Amino acid sequence: MKRFVILLLLISLICTAGCATTRDLQRVHGDFDRQIAALKDEDAGIRKDIVKLKETQASLQRSQAEMRADITELRDGIQGLKGTTEGLRKDIAALREKFDNVSLKINFIENFLEVGKRENHLEGDKAVKTAPKNVIKGKTEKESAYALAYETFKEGKYEKARGEFQSFLKQYPDSEYSDNAQFWIGESFYFEKKYEKAILEYEKVVKNYPKGSKVPYALLKQGLSFLNLGDKASARLILQQIIKEYPNTNQARIARAKLVEIK
């Protein structure tokens, strides 16, 4: 009997212990399932956040690419503007240099040829009462025509000046300004670096106005034209002619210096 009671007690204890363990396990499983569900929800949220982050990153990358393209375009535009500005600066510098060169040439020629004396003489003349409207005040029609052509030459309009001087010579072939006009025709070709034509026009000064004051000047510029063409032999002959025929002139001194250079 005692053994049976003891057995019943043991069975009761085992059943009690078994029931507690099962409830605990069920509770643990429930908690575990809830945690798993929570983790799944959290994982889904994280995945959504990752997708959003990837979309945001892609959008930022596109924006950066567009910004780089815009920056590149701006740089190209700025570079183009710099190139245009530099080109304009060079053009302005070239024009200034050309203007300065023309001014220097004119000043040199006026001083060298003593043109000022002739021009001062023109300024001292009285105006002709019957002079046409295009005649410069204080000058005759002949003087005005020469002065206008010379002003055109000083502006660097060599072709136009050449035509005006040629018209002057047709109208006044034997005036006191004719040798000057012929010389400036030669100079107009010289400044255009058309040395062959310049030589022919200087030759007309020598042949058509042999007693004029511009002969030594024309000879000197002939010699310089031959030098520019590389014809040292012809240049040497003309320079020697200047020294021989006009020994005590500025032209002779320049001719001697040029002869030293080409030896």
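The values are calculated or read from the model by the stated rules, or taken from the named source; none is laboratory data. Here the structure is a predicted model, which means the values were calculated and not measured. Note: ideal-geometry Cβ built from the backbone for every residue, glycine included; neighbour counts use all protein chains shown.
Within the stretch 223-237, take every residue that is in contact (Cβ under 8 Å) with a residue 24 or more places away in the chain and among the polar types (S, T, N, Q) and give me the one that is surrounded by the fewest Cβ atoms within 10 Å (Cβ to Cβ). This residue is N228. Taking the criterion of being surrounded by 15 or more Cβ atoms within 10 Å (Cβ to Cβ) and either under 37 Å from the mean Cα position of the chain (by Cα) or assigned to a helix (DSSP H, G or I) (or both), the residues of the stretch 204-222 that qualify are K204, V205, V206, V215, P216, Y217, A218, L219, L220, K221, Q222.
Here is a check on your reading of the model: is E55 modelled with pLDDT of 80 or more, surrounded by 10 or more Cβ atoms within 10 Å (Cβ to Cβ) and not aliphatic (A, V, I, L, M)? In short, yes.
Scanning the stretch 202-216 for residues that are under 15 Å from F189 (Cα atoms) and in contact (Cβ under 8 Å) with a residue 24 or more places away in the chain yields a total of 1.
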